[in-house]
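Notes follow the structure.
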Amino acid sequence: GMADFSRSLDLSGASNFRDLGGYASQDGRQIRWRRIFRSDHLASLTPQDRQLLAGLGVARAVDFRGQAESAALSYELPHVRYQALPIEPIVVQRAKEMALAGQPMTAPTAVRLMQDTYRAFVSDNTSQFASLFEQLLLEDTPLVFHCTAGKDRTGFAAALVLLALGVSREVVMQDYLLTNGLYRRPAGLVSSAPEEVLNVIWRVQAEFLQAALQAVDHDHGGVQRYLKHRLGMHEAATKRLAERLPASRGGNIRVRATRRSRCG
């Protein structure tokens, strides 16, 4: 399984680029590999990285970064259609306000801020996540969605996609936490914040995603109802997404064999 398809793709210019394939849904079907990718931003990709993405057939990029973020690090990939679904970074804004007000940022404050951010995804960013599902249903070409670090906005989006495909919360959480072993902070990041605060802001914790899922459960009657009533993923849409994505296990073996011979 994992030997043939690595979940994390080894790119020089993006450390958190990974495949959402291979996870099993609770009805035993496996999500197809090399269809849906999640990533940190794509503005620092090297020519080799770009070649790798072209080889994967990535045809669409969905960018959740806020306007200033995507303007500061914009990118254009040949043959990749780009869609901006901006979600402004609350944490950065709130941290700046606190600094201006002379309030020290502590690790526990940072954790609360992150949890607030995740709750806001659920309450305030419905249209962006609904648009992602629209994109996924639109066609069957490989798609990557990302934000800046590929961990919060992207992390919640990935959780929604996996949950919509019937993956268990336990596995969704494992996928979410992979960021901590992969993501490299931007080099030369100058910050006055203490290290324990940076460790909250530049990493992920189970408590962050749990805050969002609790909001989904408490305010929207659970994941299925949230997907259906807020994100437009009624039963027919969810079924269409599931049909588009799973691969039979037999098919996977053939894919592996041909990939191996193609790679020489």
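Answer yes or no as to whether Ala149 is aliphatic (A, V, I, L, M) and over 14 Å from Gly21 (Cα atoms). Criteria met by Ala149.
One residue stands out among those in region 1-35 that are under 21 Å from Glu170 (Cα atoms) and acidic (Asp, Glu): the one that is most open to solvent (accessible area, probe 1.4 Å), which is Asp27.
Among residues of region 33-55 that are of a type in the set (Gly, Ala, Ser), those with a beta-carbon under 7 Å from a residue that is open to solvent by 10 Å² or more (accessible area, probe 1.4 Å) at least six positions away or on a different chain give the pairs Ala43/Leu73; Ala43/Ser74; Ala43/Tyr75; Ser44/Gly13; Ala54/His79. For region 56-81, the set of residues classified as outside any loop (DSSP other than H, G, I, E, B), more than 17 Å from the chain's Cα centre (by Cα) and without any contact (Cβ under 8 Å) to a residue 40 or more places away in the chain consists of Gln67, Ala68, Ala71, Ala72, Arg81, listed by residue number.
Which condition does Gly21 not pass, out of (1) under 20 Å from Ser6 (Cα atoms); (2) in a strand (DSSP E or B); (3) not basic (Lys, Arg), if it passes all the others? Of (1) under 20 Å from Ser6 (Cα atoms); (2) in a strand (DSSP E or B); (3) not basic (Lys, Arg), only one is false for Gly21: (2). All conditions in (1) over 30 Å from Gln103 (Cβ atoms); (2) open to solvent by 10 Å² or more (accessible area, probe 1.4 Å); (3) among the β-branched types (Val, Ile, Thr) hold for Thr148, with the sole exception of (1). Somewhere in region 91-103, is a residue under 23 Å from Ile201 (Cβ atoms), open to solvent by 30 Å² or more (accessible area, probe 1.4 Å), modelled with pLDDT of 95 or more and not in a loop (DSSP other than H, G, I, E, B)? Taking every residue of region 91-103 in turn, none turns out to be under 23 Å from Ile201 (Cβ atoms), open to solvent by 30 Å² or more (accessible area, probe 1.4 Å), modelled with pLDDT of 95 or more and not in a loop (DSSP other than H, G, I, E, B).
Mind checking which residues of region 99-136 are touching a residue at least 24 places away in the same chain (Cβ under 8 Å), farther than 24 Å from Ile36 by Cα and among the small types (Gly, Ala, Ser)? Within region 99-136, Ala99, Ala107, Ala110, Ala120, Ser123 meet the criteria.
Annotation: of all residues in region 179-200 being part of a helix (DSSP H, G or I) and not charged (D, E, K, R), the one that is surrounded by the fewest Cβ atoms within 10 Å (Cβ to Cβ) is Gly181.
Any residue in region 241-263 that is open to solvent by 50 Å² or more (accessible area, probe 1.4 Å), at pLDDT below 85, among the small types (Gly, Ala, Ser) and assigned to a helix (DSSP H, G or I)? The answer is yes; a qualifying residue exists.
Which of (1) under 18 Å from the mean Cα position of the chain (by Cα); (2) part of a helix (DSSP H, G or I) is the odd one out, the single condition Leu45 does not satisfy? Of everything listed in (1) under 18 Å from the mean Cα position of the chain (by Cα); (2) part of a helix (DSSP H, G or I), Leu45 misses just condition (2). Is there a residue in region 69-83 that is within 24 Å of Ser8 (Cα to Cα), basic (Lys, Arg) and open to solvent by 60 Å² or more (accessible area, probe 1.4 Å)? Checked region 69-83: at least one residue is within 24 Å of Ser8 (Cα to Cα), basic (Lys, Arg) and open to solvent by 60 Å² or more (accessible area, probe 1.4 Å). Taking the numbered list (1) in a loop (DSSP other than H, G, I, E, B); (2) crowded, with 20+ Cβ neighbours inside 10 Å in turn, Arg38 passes all entries but (1).
Scanning region 201-231 for residues that are assigned to a loop (DSSP other than H, G, I, E, B) and surrounded by fewer than 16 Cβ atoms within 10 Å (Cβ to Cβ) yields a total of 2. Selection of region 51-66 for residues being within 17 Å of Thr154 (Cβ to Cβ) and either open to solvent by 30 Å² or more (accessible area, probe 1.4 Å) or of a type outside the set (Asp, Glu) (or both) yields Leu53, Val58, Arg60, Ala61, Val62, Phe64, Arg65, Gly66. Within region 183-217, the set of residues being over 26 Å from Leu9 (Cβ atoms) and more than 22 Å from the chain's Cα centre (by Cα) comprises Val190, Ser191, Ser192, Ala193, Pro194, Glu195, Glu196, Val197.
The values are calculated or read from the model by the stated rules, or taken from the named source; none is laboratory data. These figures come from a predicted structure and were not determined experimentally. Note that we place each Cβ from the backbone using ideal geometry, even for glycine, and neighbour counts take in every protein chain shown. The area values use the complete protein model at the heavy-atom level, side chains included, leaving out ligands, DNA and RNA. Shrake-Rupley method; radii C 1.70, N 1.55, O 1.52, S 1.80 Å.
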